[in-house]
Structure formats: structure tokens, C-alpha cells
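Worksheet: one structure, shown below.
The values are calculated or read from the model by the stated rules, or taken from the named source; none is laboratory data. These figures come from a predicted structure and were not determined experimentally. When we count neighbours, we look across all protein chains shown, and the Cβ atoms used for this are built from the backbone with ideal geometry, even at glycine. Heavy atoms of the whole protein, side chains included, go into the accessibility calculation; ligands, DNA and RNA do not. Shrake-Rupley method; radii C 1.70, N 1.55, O 1.52, S 1.80 Å.
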Amino acid sequence: ERGEFRHYMLKEIFEQPHALAETLEGRIHNDQILEAAFGANAHHLLDEIYAVQIIACGTSYHAGLVARYWIESLAKLPCSVEVASEFRYRQPLPNPNALVVCISQSGETADTLAALHEAKRLGFGPSLAICNVPESALARAADMVLMTRAGPEIGVASTKAFTTQLLCLLMLTVVLGRRNGTISELEKVIVRAMRSLPDQLQKLLELNQEIKQIAEEFADKHHTLFLGRGVHYPIAMEGALKLKEISYIHAEAYPAGELKHGPLALVDADMPVVAVAPNDTLQEKLKSNLEEVHARGGQLFIFANHRAIMQGSDFVKIIELGEINEYISPIAYTIPLQLLAYHVALIRGTDVDKPRNLAKSVTVE
Ligand code: F6R
């Protein structure tokens with residue numbers, strides 16, 4: 001079943017162009033996202049939604065964090081995101097006009113499921129499950145379902161489920177923004193960017209060889225810092241999670257603006273720093289954060305649209321992704337970080353598809 005691939009994880013990384021095309025299939029008409037994609041009842045259930053509460057665990061939680069940036073900046077609705085195990089015991093204040101969005105690959109994660117029931121009990125608004133398994137408990141419990149259609153994910157480390165979740169969340173943002181009157185002409189632009197995803201990701205997968213070489217430089221390290229800003233901060237978090245769970249290298253993500261408030265103390269030649277540095281409004285600020293790392297002898301690995309972002313050297317490696325539309329950029333930047341984690345784990349000889357102590361589906365708290 002793995003075919004030409006050595007691991008399911010690698011196969012699933014390479015399946016992403018196809019998986020994303022499947023996620024979009026039949027859900028767009030005339031450059032518009034169809035509300036019917038969210039189920040027959042979506043039409044009235046989405047009425048009177050004035051806020052969004054996202055609940056998830058692990059990688060799915062990171063997808064939710066990205067969505068918060070989209071939902072607040074594009075759909076102009078207040079959005080909170082919380083890990084399910086905290087939400088369910090916190091006694092949160094219910095908002096009957098808040099759409100509860102539960103994100104889960106398996107649809108069987110005990111905490112996420114319990115959090116959904118708790119949200120209902122407390123009196124939150126209607127619920128939407130963004131899920132990869134149609135018959136799962138979560139898909140059955142929610143009022144609306146948007147299937148990610150990534151196909152079965154076997155590798156314990158989530159890859160194609162994450163990028164398809166992001167695409168579903170961008171679709172949700174568009175639908176909410178249209179209802180809220182905040183999106184108008186932008187919808188076309190976003191939908192076209194979505195359609196370009198399979199081809200864009202196919203090109204990014206060609207970075208595989210380059211990343212394989214870079215991975216050598218991480219293999220003997222004990223710690224790695226991941227930096228990002230804005231919507232790419234959660235992408236840095238996801239990059240760190242992938243690296244730690246399959247290579248067992250301690251990896252931590254920070255919003256780059258927080259560097260001076262603590263983590264800069266850790267930076268030295270033994271602490272590689274990975275930066276997610278797209279060409280956006282925050283790039284100049286991020287660059288000055290990276291200069292600080294450089295000045296302290298830290299080794300930088302910068303994922304950027306263009307090589308020109310900084311002067312390359314033995315201490316500054318730049319991985320060029322090329323021009324990418326801003327709305328799909330978080331999805332695109334995920335790909336090279338997945339490949340990095342994979343190749344580092346491969347060199348370290350860990351069990352990539354079944355990392356120690358972890359299970360694919362966490363059905364107990
Ligand atoms: C990380 C990973 C886990 C899951 C988490 C939630 O690669 O796989 O962090 O994302 O256990 O699982 P689901 O999405 O099935 O609820």
C-alpha cells in the first residue's frame with residue numbers, strides 16, 4: 001500500500017495535491033463556495049452566527065489557530081480557539097450565537113467529543129465538525145459536517161489531514177464572510193487561490209531533495225526553535241510538533257516578536273532556528289528578529305518566498321518557496337516543514353509512522 005514510498009508519512013505528504021483537490025471537488029460554483037457543502041441544514045443553521053468557538057487537539061488545534069486569523073481578519077467575526085481538554089473543564093461562558101467548530105482527523109478524540117457535548121450542554125450555538133472520517137462519533141454528533149476528504153491517514157503524525165482541514169476552514173471563512181458582507185470581490189480571488197493549490201503544492205514537493213540535505217544539520221541537535229508571525233505562527237507551531245513527535249528532538253515554536261522576552265537566551269550555535277518567513281506585511285519585523293538570532297551565533301534556516309530575504313551564508317540557509325498567494329500561504333509553508341521533520345527522523349532512525357508513546361486516535365482522556 002505504501003507503493004514506492006518508504007513510509008506512510010511520506011506517501012501522505014505527497015498525496016496532498018490530490019487530497020486538496022478532493023476537498024474542493026463539487027464545493028465551488030461560479031467562483032463561489034457552496035453553502036450546501038456544509039450540509040442541507042447549513043442554510044438556516046448559519047443564520048444569526050456572530051462569533052466562532054473552535055475546539056480541537058494537537059495538529060487539529062493548530063489548524064484552528066490559523067483559522068482564527070482568517071475568521072477575524074476576513075469574516076470579521078470574533079473567534080476563540082481552545083484545546084478541547086481545557087475547554088471542557090473550564091466552565092466557559094456560553095454564547096448562543098457562537099458557531100462551535102470541532103476539528104478532528106479521526107472524529108474519535110475523546111476530549112474533542114466531550115467538549116462538543118459540553119458546549120451543547122452549556123448553550124453555545126450550532127456545531128460544525130471538520131472531520132476526516134465520515135462515520136465517526138464526532139461527525140454524527142455535530143449539527144453540520146464538512147468532510148476533509150484527505151483519504152485514510154495511517155501515519156501517526158498528521159499531514160494531509162492538517163492541510164485539508166486548513167482548506168475547509170478557509171472555505172468556512174469565506175462563507176461566514178459572505179454572510180457578514182465583508183468579503184465581496186475577495187471571494188473570487190480566494191477561490192482562485194484555492195484552485196491553484198494542487199499545482200502549487202506539487203511544485204513545493206520538489207523541495208524534497210534540498211530539504212533532505214538540510215535535515216543533516218538537525219540530526220545531532222537536541223533542541224530547535226521555530227519562529228513565525230501572524231497567521232504563520234501556528235504553522236511554526238505545527239512544524240515544531242511534527243519535528244518533536246517523530247524525531248524526538250525538542251522543538252518549540254515562538255511568535256518571533258516574543259524572542260527578546262525570553263527564548264533569545266537559549267540561542268547559540270547548537271540551537272538551530274527555523275523561521276517561517278513569507279513575503280507579507282510582517283516580514284520586515286520578522287527580519288529584524290532574525291538579525292538578532294544571527295548576531296548571537298544562531299544557525300538560521302529560513303523558509304521564504306525569495307532568496308533575497310537575507311544574505312545567505314554557512315549560518316543562514318534560505319529555502320526558497322517561490323511566489324505564493326497570501327490566502328493559501330499557511331497551507332503552502334506547511335509542506336517543507338513536514339518534509340524537514342520526516343528527513344530528520346529518517347536520519348535519526350526513529351519509527352516514523354509509529355512514534356513511541358503515541359497513538360493515531362486518542363479515545364481516552
Ligand atoms: C500530531 C497528531 C495529534 C493529533 C491529535 C488530534 O501529528 O497527530 O496531535 O492531531 O491527537 O487528533 P484528531 O485530529 O484525530 O482529533
Output for Cβ contacts, cut-off 6 Å, separation at least six or different chains, first residue without any contact (Cβ under 8 Å) to a residue 40 or more places away in the chain and more than 25 Å from LYS160 (Cβ to Cβ) in the range 95-108, second away from the ligand (no atom under 16 Å from the Cβ) and open to solvent by 10 Å² or more (accessible area, probe 1.4 Å), reads PRO96/GLY123; PRO96/GLY125
Exactly one of ALA56, ALA21, ALA51, ALA40 is at pLDDT 95 or above, of a type outside the set (Val, Ile, Thr) and out of contact with any Pro (no Cβ under 6 Å at 6 or more places or on another chain), and that residue is ALA56
Residues in the range 151-194 that are within 16 Å of the ligand (Cβ to nearest atom) and not β-branched (Val, Ile, Thr) total 14
Sole miss for THR148 among (1) open to solvent by less than 10 Å² (accessible area, probe 1.4 Å); (2) more than 16 Å from the ligand (Cβ to nearest atom) is condition (2)
From the option list GLY125, GLY155, GLY177, single residue qualifying as buried (at least 22 other Cβ atoms within 10 Å of the Cβ) and modelled with pLDDT under 95 is GLY155
Across (1) open to solvent by 10 Å² or more (accessible area, probe 1.4 Å); (2) outside any loop (DSSP other than H, G, I, E, B), THR182 clears everything bar (2)
Only one of LYS203, LYS242, LYS212 is within 16 Å of the ligand (Cβ to nearest atom), basic (Lys, Arg) and part of a helix (DSSP H, G or I), namely LYS242
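Can you pull out every residue in the range 133-145 that is within 10 Å of the ligand (Cβ to nearest atom) and open to solvent by 20 Å² or more (accessible area, probe 1.4 Å)?
We begin by selecting, within the range 133-145, every residue within 10 Å of the ligand (Cβ to nearest atom); these are 133, 136, 138.
Hit for the range 133-145 is VAL133, nothing else.
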If we ask which residues in the range 179-191 are free of Cβ contacts under 8 Å to residues at least 40 places away in the same chain and either small (Gly, Ala, Ser) or closer than 18 Å to LEU77 by Cα (or both), their number turns out to be 2
* To do: Determine, yes or no, whether ALA67 is aliphatic (A, V, I, L, M), more than 13 Å from the ligand (Cβ to nearest atom) and under 15 Å from the mean Cα position of the chain (by Cα).
  => yes
(Q) I'd like to know if the range 263-274 contains one or more residues that are free of Cβ contacts under 8 Å to residues at least 40 places away in the same chain, touching a strand residue (DSSP E or B) at 6+ places or on another chain (Cβ under 9 Å) and open to solvent by 10 Å² or more (accessible area, probe 1.4 Å). (A) no
